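Notes follow once the structure below has been shown.
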Amino acid sequence: MATFDMRNERLEAGATEAVQTQAFDVVVIGGGPAGMAAALAAHKAGARVAIVEREQHLGGILRQCIHPGFGLSHFKQELTGPEYAQRFIDQVRATNIALFLDSMVLGIDSGESTEDATLHTVTLMNPSGMLQLTGRAVVLAMGCRERTRSEIKIPGSRPAGVFTAGLAQRYINIENLKPGSRAVILGSGDIGLIMARRCTLEGISVEGVYELMPYANGLRRNVKNCLDDFGIPLHLSTTVTRVIGHDRVEAVEVSQVDEHLAPIPGTERIVPCDTLLLSVGLIPENELSVAAGVELDPRTRCAVVDQSLQTGVPGIFACGNVLHVHDLADNVTNESERAGAAAAAWALGAVGTAAGVADAGCELTVSPAGIAGYALPGRITTVGLTKLNFRVRRPVDAARVRILADDEELFAGKVRPFKPSVMESFPLPAKAIQRALDLGVSEIVLSVDPVEEA
Amino acid sequence: MAETFDIAVVGAGITGCAIARQLARFDLSICVVEAANDIALGASKANGGLVHAGYDPAPGTVKAQVNARGCELYGTWAQELGFLFCRTGSMVLGFSDEDRAQLEKLRSNGHANGVPELTIISPERIHELEPRASAKATCALWCPSTGFVDPFEVAIAALENAVANGVTFIRPAPVEAIEVAGGEATDRAAHFTLVTPAGDVRCHYLINAAGNGAANISHMAGAEEFQMVWRQGNIVVLDKEPRTLMPLYPVPTPVSKGVIVTGTVHGNTVITATAAVREPGDTQTYAADVNALLAGARKLVPDLDTRRVVRAFAGGRPVIQGTNDFFIGQSTVVPGLFQAAGIQSPGVASAPAIAERMEQVLREAGVALHERADWDPIRRAPDGFDRAPLARKEELIESDPAWGQIVCRCETVPEAEIVAAIRRRPGAVSVEGVKRRCRAGMGRCQSGFCQSRVVAILARELGCDPSEVLLENAGSWLVEGPLKGVR
């Protein structure tokens, strides 16, 4: 009996057709802040670059982030999301970077490795038809999606009025539509905090922000500017345990949770509302990456990359929120410029640059330990100053970052507080990497360990 | 005065739609009266989509007769009605000697019910058939005839075909009262009058296929008093897998088939279903049920990534208390009323055979069934962009650029496909109706990216304001209206 297998069917369907092809050096998938920064950096390095963007406009999710707080580190100036995006849109428009807007990538095929380099083929479609773009390098910059109600398994009924915070943001900021009049917000991530303020300004009464964890998940400045300044209560260690309402949300049941995050029976409280907004996490949109053969870390579901942000598939790079969820768009920009430059160097075969060129014998994996939730890059293949990123899983007043190889401490940061809302970054000196190689280890550990205060 | 139909079918679930389609071939005026806003909004949408083979109903029951026959008919139905049907076969996994004894019983049951080719197989064969099945399974009942469908698609396809052959679909029209005239059903005057907010519906014969509402309809007509139980089930859908899983069953319990893991026609994985008697109408999901599903699924498929939940939902099985069987036949109390009641599991698998049996019941009751010369059994499925071969995709985009305008990124659904779903007859009138017809919003982001676009398309196509666009039924508005100061 033949087993039903949709993937094979699709590949067969696509294999025989001849579609118009255009050649580039670097094909960037995604026209948000990550894609634009990567494309501009690759262009600056002399590559022929294309950006493929699903929407009609460049800018990605920044288009609906009309609040300020962008650009403080990159432009030393406070901008709104659309203003921040526009600076990059203007730069892209001033170049010959090819733009494929309204275009959906259907797949990335990586041909056989030749002596030269692997050529990747990106198949896309738009209202004019199907098209294939080739490039020696591809930059994945698809961003992320919001975690849904189903993923966090909120029990109850399934009426209208349960929105991810980003969808509500789109209704309000892009469509000029009011999603409801009385909202409860679950999750104190930055989008949830921003939306608490936005709803209030639009006359939607926000009954409260509920947070499963014993601390706020968003940036401190957002808790202050978006909740405290508007008198919106933040209920920590509390979650929504039931959605009530048959056709439209009528109320939610909230419960306090114990130290294992399990709801405490007897603490249930009914909060009348017509709208439930969810700001319960972001998930990198890696479906295309997986289909292209990119290996993901099974735990974080993000691509495993090396120090040049190259994935396990030679010539495919990843940056921005598709690689790991950033706290600030400015950091997305910085990371993506590195990815774009590395992709251009790879595509143009620039030997001798730090990016993308492995040192013989250097192959280290980087693993998180202690309260570090992940470590990026997951692989180091050159001996050089390497930027490491991580986030902690819980807030601590005093902890230290350490890099370990077989219990030997290669590097130790200073004792300081850490918060899960902040994407941490620090430079790992080349000599620490060299030392790991001298020790003959294949793995180094990035450990964040709380310390007793003296 | 409004038309008097020869036959009114109450309920546009999979049973009512299948019956309407079956009877549409005859020279009869038929209507389908649905309480909700769309097709398949009751038990038909709250199940795992499995076309069970029919080895577990007790031999001699109505269920046993229609289940195996329904499963057999699915091949033809899928071809004629253009819906997706995968006959992958299934395994009931056994983990102990007691389980093996149960499998033997199931096999002889199946044999008695006419289920073909049942065999008990070894762990090696289990692994060959489904490499992801638990290595702890020591034996399994292999059943090649099991398959799965998208249950919405089956019901929608059947009703589209019925409507194309002249059947009238009336919605939303909850039946509030039924007046039964004296005399014979064959009299020229209407025998039954259904009172609904959409107006009275008159008919000579009435077919009750109201699912969980069947007891109420029967009561309103003064017929059998069915004692129903709301045996509620929670179901979980997981994200797509590179390879679709074969349906894997545990050894069944006395009241249900247990927690089953199965692939779907769209490549997702479904975990179905819990069974708990709850308040009638309760479609809430429960944390304990969802956890039981995930734990049960991991026993059958240990490497299942149960974090990738796309959707959890629940529904009630319309169970007739005591008999646990289907009731298909003419009412013994009210002549002219034909009942398809207690259609719980395996209602999806049985639907084509229930329709076939209902035709037989009508014939035996003396209803004149003359085949029409112009009956067309074929329903042409709408173009599904995601599944179309590349050449067809190009053709579609060339025919209309809206085919190249992707609205739902998770399921690759272009605007033209959504518009087609709304314009079909009967078409989608709600966001969920669009989702059930073309999968926009069905994927992993659960409409986070596309909902506002679908709302805009519905508002444009239906000629209404976005604030009038519904998620599902009346009252399920999505946006209140424009922001302050916006004209």
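Bear in mind that the values in this text are calculations on the coordinates, not laboratory data. Predicted model, so just to flag it, every value in this text is computed and none were measured. Positions of Cβ are generated from backbone atoms using ideal geometry, with glycine treated the same way; all protein chains shown enter the neighbour counts.
Quick rundown of the values:
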read-out	value
Per-residue ³J(HN,Hα) for the range B:397-406, Karplus 6.51 cos²θ - 1.76 cosθ + 1.60, θ = phi - 60°, Hz, x for Gly and Pro	5, 5, 5, 6, x, 5, 6, x, 9, 6
Residues of type aspartates and glutamates that B:Lys105 reaches as a straight line, Cα spacing below 20 Å, ignoring anything fewer than 8 places off in the same chain	B:Asp56, B:Asp97, B:Glu117, B:Asp325
In Hz, Karplus ³J(HN,Hα) per residue of the range B:211-222 (6.51, -1.76, 1.60; θ = phi - 60°; x = Gly, Pro)	x, 5, x, 5, 5, 5, 4, 4, 5, 4, 7, x
Cleavage-rule hits (GluC sites (Glu not before Pro)) in the range A:357-418: DSSP loop, at most 15 neighbouring Cβ within 10 angstrom	A:Glu363
Charge dipole magnitude, Cβ of K and R +1, D and E -1 - the protein assembly as shown, Cα centre, debye nearest 20	1060
Estimated inter-spin distance, B:Val255 and B:Asp27, nm [label 7 Å along Cα→Cβ]	5.1
Listed residues B:Ile235, B:Gly296, B:Val255: farthest to the positive end of the dipole of the range B:198-299 (Cβ charges)	B:Gly296
A:Glu268-A:Arg221 pseudo-label distance in nm [points 7 Å out on the Cα-to-Cβ vector]	4.2
Low-density loop cleavage sites - GluC sites (Glu not before Pro) in the range A:110-186, where at most 11 other Cβ are within 10 Å (DSSP)	A:Glu112, A:Glu115
Label zone at B:Ser467, where the point sits 7 Å out along the Cα-to-Cβ direction: the range B:412-450 residues whose backbone N lies under 20 Å	B:430-431
Exposed-site-free run, longest, chain A (rule: trypsin sites (Lys or Arg not before Pro); DSSP loop; at most 11 other C-beta within 10 Å)	A:77-298
Nonlocal amide H pairs with A:Lys387, under 5 Å, H built at 1.01 Å	A:Leu428
FRET efficiency for A:Arg393 and A:Leu439, using Cβ-Cβ distance with R0 set to 25 Å, rounded to 0.05	0.35
FRET efficiency for A:Val422 and A:Ala360, using Cβ-Cβ distance with R0 set to 41 Å, rounded to 0.05	0.65
Filter on B:Lys240/B:Lys435; B:Lys63/B:Lys136; A:Lys153/B:Lys299; B:Lys257/B:Lys299; B:Lys240/B:Lys299; B:Lys136/B:Lys257 - keep pairs with C-alpha separation over 22 Å	B:Lys63/B:Lys136
Cys residues of chain B counted as unpaired, since no other Cys beta-carbon is under 4.7 Å	B:Cys17, B:Cys31, B:Cys71, B:Cys86, B:Cys139, B:Cys143, B:Cys203, B:Cys410, B:Cys438, B:Cys445, B:Cys464
Selection from B:Phe226, A:Thr95, B:Val310 lying farthest towards where the dipole of the protein assembly as shown points positive, charges on Cβ	A:Thr95
Separation of the B:Ala292 and A:Ala430 label points, Cα + 7 Å toward Cβ, nm	6.3
Peptide-level mean, for A:142-151, of C-beta atoms on other protein chains within 10 Å	5
3J(HN,Hα) from dihedral phi, the range B:463-472, Karplus parametrisation 6.51/-1.76/1.60, rounded to Hz, x for glycine, proline	x, 10, 7, x, 5, 9, 6, 9, 6, 8
Shielding score for B:403-411, defined as the mean number of other chain Cβ atoms within 10 Å	4
Cβ neighbours within 10 Å from other chains - mean over B:72-78	0
Residue-span extension gain [B:Glu279 to B:Arg423] - 0.36 nm each, minus C-alpha spacing	48.1 nm
Exposure proxy ranking, count of Cβ atoms within 10 Å, fewest first, for B:Ser447, A:Ser237	A:Ser237, B:Ser447
Extended-chain gain in nm, criterion 0.36 nm per residue less alpha-carbon gap, B:His111 and B:Ala177	19.3 nm
At R0 = 22 Å, FRET efficiency that the Cβ-Cβ distance of A:Asn96 and A:Lys76 yields, to 0.05	0.15
Straight-distance crosslink candidates among lysines, where the alpha carbon sits under 30 Å from B:Lys484 and sequence neighbours closer than 8 are dropped	A:Lys178, A:Lys224
Rg/Rh ratio calculated on Cα atoms of the range A:173-233 (Kirkwood radius)	0.96
Of the GluC sites (Glu not before Pro) in the range B:40-129, those whose Cβ has at most 16 other Cβ within 10 Å and which sit in DSSP loop	B:Glu117
Calculated [θ] (222 nm, deg cm²/dmol) that DSSP helices of n ≥ 4 give over chain A, each run adding -39,500 (n - 2.57)	-6000 deg cm²/dmol
